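Some notes on the structure that comes next.
The values are calculated or read from the model by the stated rules, or taken from the named source; none is laboratory data. Bear in mind that the values here come from a model prediction, so they are computed numbers and not experimental data. So basically every Cβ, Gly included, is an ideal-geometry build from the backbone, and we count neighbours across all protein chains shown. Remember, those area values only see protein heavy atoms, side chains included, never the ligands or the DNA or RNA. Shrake-Rupley method; radii C 1.70, N 1.55, O 1.52, S 1.80 Å.
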Amino acid sequence: MEHTLLPKGFYSCAKRLGIKDDTPDFTVIYSEARAAATAMFTKNQFCGAPVTVGKEHIKDGYLQAFVINSKNANVATGKQGIEDVHTIISAVADELDISSADILPSSTGVIGVPLPVKKIIEGIPGLKSEMKKDGLKDSAEAIMTTDTFAKYRSETIDGVTLCAIAKGSGMIEPNMATMLSYIMTDAQIEPETLKAMLKQAVDVSFNVVSIDGDTSTSDTVAAMANGLAGPVDLQKFEQVLTDMLISLTKDLARDGEGATKLVEVQVGGAQNDEEAIVMVKSIINSPLVKTAIFGADPNWGRIISTIGNAEYPINVEMVSVAFGDITVFSNGEPTDSNLEELSNYLKGDEITISVSLGNGQGKATGWGCDLSYDYVKINGEYTT
């Protein structure tokens with residue numbers, strides 16, 4: 001998948017502008033035709049300047065380019081932050097000969113530091129001639145901050161192409177997280193349909209991942225569909241989109257800051273899906289659970305304690321808990337599970353925790369990671 005072609009009519013360019021260091025830090029993804037578009041954003045009230053501008057630009061349901069920089073989030077930068085976004089997207093709009101209102105800007109990185117606008121502006125002239133068809137991986141690399149690998153996917157559905165890139169490894173708890181994801185397709189889909197599909201897909205993917213319980217200021221998931229490959233079976237398309245976003249979500253969790261394990265939590269038997277989601281999140285976010293998994297400590301009492309802290313009634317006599325195939329607690333009673341076997345299971349790099357709360361219809365699955373010494377190190381030294 002190294003040099004994956006973008007969908008029909010899409011081109012991208014990734015550059016090193018020296019925003020913070022000498023890694024790629026700027027990318028533009030462009031559609032030669034104006035595209036149906038939709039986006040979802042962070043709920044953090046200190047949202048980044050690009051988010052404020054992006055929310056305006058997406059209102060009419062159309063876009064023609066994504067413009068993204070990493071290494072600086074342009075958050076808590078006041079009025080100057082907003083001006084800087086407009087300066088950058090105007091320059092890109094002139095270069096690509098499109099309307100700046102059709103550009104969705106994003107920034108990710110350190111908070112509270114003004115963008116080095118001059119460096120960015122100097123990198124824009126000539127950008128159109130550097131656009132290429134096989135730049136998906138390059139764009140995925142240019143949006144990374146503390147990520148350790150590029151996250152990108154591409155699928156074809158009956159002659160239609162769907163591609164996506166994502167980044168994120170810390171300050172992650174949705175409603176989305178320092179999590180950016182951009183989706184491009186040449187399928188012909190109306191803005192309203194695209195919006196509904198994206199919401200459904202995000203709810204079972206990006207919205208159920210958590211690395212550390214902190215919702216970032218910059219979260220954005222955006223999609224463009226330029227229609228150049230014609231119509232598509234919408235049901236099939238939505239299924240592929242959902243699977244793709246779940247797959248990227250697992251990448252985000254696996255690449256959590258300092259993470260050594262991917263953790264999947266499945267909760268069933270709840271009164272409703274909302275209660276199940278809350279339980280999934282509380283288990284994924286428990287520092288005690290995360291550290292036990294890091295140390296392969298078979299202390300399943302931490303899961304029981306987390307379940308018992310629910311803000312809704314739990315019938316303790318109906319609760320069951322398993323790690324992989326090893327049931328440690330069944331219908332309110334401990335099983336005679338083998339702690340050594342459990343400890344060995346926890347040494348693996350993919351851990352599944354399953355919880356049943358009773359016989360309700362509510363269920364949810366979510367993803368996270370363990371909490372290692374390195375998480376503290378990375379975040380204790382982030383700006384230094």
Qualifying positions in segment 129-145 - touching a residue at least 60 places away in the same chain (Cβ under 8 Å) and either surrounded by fewer than 24 Cβ atoms within 10 Å (Cβ to Cβ) or in a loop (DSSP other than H, G, I, E, B) (or both): Glu130, Met131, Lys132, Lys133, Asp134, Gly135, Lys137, Asp138, Glu141, Ile143, Met144, Thr145
All positions within segment 14-34 that are surrounded by 22 or more Cβ atoms within 10 Å (Cβ to Cβ) and within 22 Å of the chain's Cα centre (by Cα): Ala14, Asp25, Phe26, Thr27, Val28, Ile29, Tyr30
Those residues of segment 146-164 which are open to solvent by less than 40 Å² (accessible area, probe 1.4 Å) and without any contact (Cβ under 8 Å) to a residue 60 or more places away in the chain, in sequence order: Ala150
Positions within segment 124-144 being more than 21 Å from Asp186 (Cβ to Cβ) and in contact with a Ser or Thr (Cβ under 9 Å, 6 or more places away or on another chain), in sequence order: Glu141, Ala142, Ile143, Met144
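Listed here are the residues, each with its yes/no results for (1) among the acidic types (Asp, Glu); (2) in contact with a strand residue (DSSP E or B) (Cβ under 6 Å, 6 or more places away or on another chain); (3) crowded, with 22+ Cβ neighbours inside 10 Å; (4) assigned by the TED database to the domain that holds Ser286.
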position: Lys199; (1), (2), (3), (4): no, no, no, no
position: Val204; (1), (2), (3), (4): no, no, no, no
position: Ser218; (1), (2), (3), (4): no, yes, yes, no
position: Ala223; (1), (2), (3), (4): no, yes, yes, no
position: Asn226; (1), (2), (3), (4): no, yes, yes, no
position: Leu241; (1), (2), (3), (4): no, no, yes, no
position: Thr249; (1), (2), (3), (4): no, yes, yes, no
position: Val267; (1), (2), (3), (4): no, yes, yes, yes
First in segment 328-355 and on the phi > 0 side of the Ramachandran plot and polar (S, T, N, Q), second anywhere and surrounded by fewer than 18 Cβ atoms within 10 Å (Cβ to Cβ) and outside any strand (DSSP E or B), Cβ under 7 Å, 6 or more apart: Asn331/Glu317; Asn331/Met318
Among the residues listed as Ile68, Ile82, Ile103, the single one being surrounded by fewer than 23 Cβ atoms within 10 Å (Cβ to Cβ), closer than 20 Å to Leu180 by Cβ and out of contact with any Lys or Arg (no Cβ under 6 Å at 6 or more places or on another chain): Ile82
In segment 334-384, the residues that are open to solvent by 90 Å² or more (accessible area, probe 1.4 Å) and hydroxyl-bearing (Ser, Thr, Tyr): Tyr373, Thr383, Thr384
Subset of segment 179-195 [farther than 15 Å from Gly9 by Cβ and open to solvent by 10 Å² or more (accessible area, probe 1.4 Å)]: Glu190, Pro191, Glu192, Thr193, Lys195
Inter-residue pairs, beta-carbon under 9 Å, first in contact (Cβ under 8 Å) with a residue 40 or more places away in the chain and in segment 77-104, second assigned to a loop (DSSP other than H, G, I, E, B), 6+ apart: Val92/Ile98; Val92/Ile124; Leu96/Met131; Ala101/Asp60; Asp102/Asp60; Leu104/Ile58
